[in-house]
1. Could you say which residue among Pro75, Pro103, Pro142 is in contact (Cβ under 8 Å) with a residue 24 or more places away in the chain, within 9 Å of the ligand (Cβ to nearest atom) and not in a strand (DSSP E or B)?
2. Under 7 Å between Cβ atoms, at least 6 apart or on separate chains: pull out the pairs that start in region 197-213 with a residue that is within 16 Å of the ligand (Cβ to nearest atom) and β-branched (Val, Ile, Thr) and end on any residue that is assigned to a loop (DSSP other than H, G, I, E, B) and modelled with pLDDT of 95 or more.
3. Criterion first (at pLDDT 95 or above, within 14 Å of the ligand (Cβ to nearest atom) and surrounded by fewer than 22 Cβ atoms within 10 Å (Cβ to Cβ)) does Ala95 satisfy it?
Amino acid sequence: MEQEVNLNKVVRQHLEMEAEFAGFAVRPEGRPAEQKQPPKSSEAEAADAAKELEAIAGEVRQCRQCELGSSRTNPVPGEGHPRARIMFVGEAPGADEDAVGRPFVGRAGQLLDKIIAACGLRREDVFIGNVLKCRPPGNRDPRPEEIVCCIPYLQRQIEIISPEVIVALGAHAAKTLLNTNKPIGQLRGEFQEYYPGLGRPPIKLMATYHTAYLLRSYTPENRRRVWEDMKKVLGALGLPIPERGKS
Ligand code: URA
């Protein structure tokens, strides 16, 4: 019985997800509105950045600094455009990500894909990473000592990619990057600043609900809040807001 109810919920969420985050961005030929990102850097710079990111991914693959290094199946260093204008940061890989070594490929990832498409972008236009590069067993919360071990990888990725906007998905990413204990409800909705280190200008950071939370609390209100946050991100980058998402 419980399974039937869950199945209904999943189907309903899927349909709502299609309508809310994909319907208005999908062109008749089935592709999201092509929204060329103005090139931020030359191809040579992007190639250099890609090499540096690959070097970090190599270190992550060898990493055994915390116990997650031995319990993981695959590390998940992150992926995407090496000089993306938008960088999404989640909490930690889940079971699906651990199985394949790629970020946001499970249900929460499918919803993130819809949100990216709703923004008129493609997954390969952005970079997607996590605070932790290895899955905490049973999807438990990241522990402070794991964050301390892992955060330098993310800090270096941010430095290389040098995004104009970071979108922190959920409380763990937002609190870690902003070094605060404020609840996500207080952090989202307005730009915050991420400080990449001495001598470097702050980077705009928009905190929003994690897509896994959104799936659990799939209310019109929460979906509207996430879309409001993303509209601010698009506005800050000077990118057009896709037609049906304007309201
Ligand atoms: N949730 C996350 O925070 N990260 C992933 O990569 C997948 C799910």
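1. Pro103
2. Sorted first by the residue in region 197-213, then by its partner, the pairs are Thr208/Arg188.
3. Considered against the rule, which asks whether it is at pLDDT 95 or above, within 14 Å of the ligand (Cβ to nearest atom) and surrounded by fewer than 22 Cβ atoms within 10 Å (Cβ to Cβ), Ala95 comes out as yes.
The values are calculated or read from the model by the stated rules, or taken from the named source; none is laboratory data. Quantities reported herein were computed from a predicted structural model and do not represent experimental measurements. Cβ: placed from backbone, ideal geometry, glycine included. Neighbour counts: every protein chain shown.
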